[in-house]
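The values are calculated or read from the model by the stated rules, or taken from the named source; none is laboratory data. Remember, predicted model here, so these are calculated numbers, not experimental data. No Cβ is skipped: glycine too gets one built from the backbone with ideal geometry, and neighbour counts run over all protein chains shown. SASA here: full protein model, heavy atoms, side chains in, ligands and nucleic acids out. Shrake-Rupley method; radii C 1.70, N 1.55, O 1.52, S 1.80 Å.
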Amino acid sequence: MESIDMENTLSLNSEVGYQLPREIILRAIGYQNPDSAGEEINDLITEYLGLAIIAADPKAIYRSTSFRLVGDDQVELLDGQILTSEMLYQTIAECEGIIIGLVTLGSKTDAAIAAVSQEDAFCGYLTDVISSLLVEILAHKFWQYLVSELGSQGYRATSFVSPGAIKFPLPEQKRIFQFLQPERIGVTLTESCLMEPSKSLTVILGYGKQIEPAKYSHDCSTCDMKDCLIRGIHIDLAESNAGY
């Protein structure tokens, strides 16, 4: 399949984190009813949200490619890399090309989480959760940017899919890193296929002129992880206009 030529690195603005709806943070730390949170916990969220935003140095990298479907679950990229994933295969089956990208908060975020954790375990946990949500809202912002860029050329886009999700094995990160080379923005892969810095997210979307456009940056209906920390956050972010 033919594809357009898109490749770039971006610096993102961590202050978009201030647009994170407070109820999303409260739900993420266990408050099923966000209204039940007292003044003390809300003050801590304000403090450590600010710390997480200051610590972050977010960047994104992306590269487009044509692809070829192989068998029932393999996607062969233009450079010969083959990704094996039923989820990816199903998501891009009707697309003309794909964009592979990565968003990271940078190494200072991990250092900040570690420093806070040494002083207070709960505050360290809170900083960790907020940082996870921050990388998600930045990925949401990144998706909006790509949708806009593609739209200017007459293309529609799918939601993101990521290694580690259902039907997308984590070891596929190895092929993605070989193709994308995110070491250029300071992200490396361990032997167990975890990323360093830890608050990093690999994403892939498909695009085409005739496909049904996605409404959200991530489609939770395709995943059965009911206890996922960020389940439904992308709908909440879209409906609250966070990141716009």
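Restricting to the range 178-221, count the residues that are buried (at least 18 other Cβ atoms within 10 Å of the Cβ), outside any loop (DSSP other than H, G, I, E, B) and in contact with an Asp or Glu (Cβ under 6 Å, 6 or more places away or on another chain).
Of the residues in the range 178-221, 1 are buried (at least 18 other Cβ atoms within 10 Å of the Cβ), outside any loop (DSSP other than H, G, I, E, B) and in contact with an Asp or Glu (Cβ under 6 Å, 6 or more places away or on another chain).
Take the conditions in a helix (DSSP H, G or I) and either open to solvent by 50 Å² or more (accessible area, probe 1.4 Å) or free of Cβ contacts under 8 Å to residues at least 60 places away in the same chain (or both) and apply them to GLY164. Does it pass?
Details: in a helix (DSSP H, G or I): no; either open to solvent by 50 Å² or more (accessible area, probe 1.4 Å) or free of Cβ contacts under 8 Å to residues at least 60 places away in the same chain (or both): yes.
When the stated conditions are applied, GLY164 does not pass them.
Which one of these does TYR18 not meet: (1) without any contact (Cβ under 8 Å) to a residue 40 or more places away in the chain; (2) farther than 25 Å from GLU196 by Cα?
(2)
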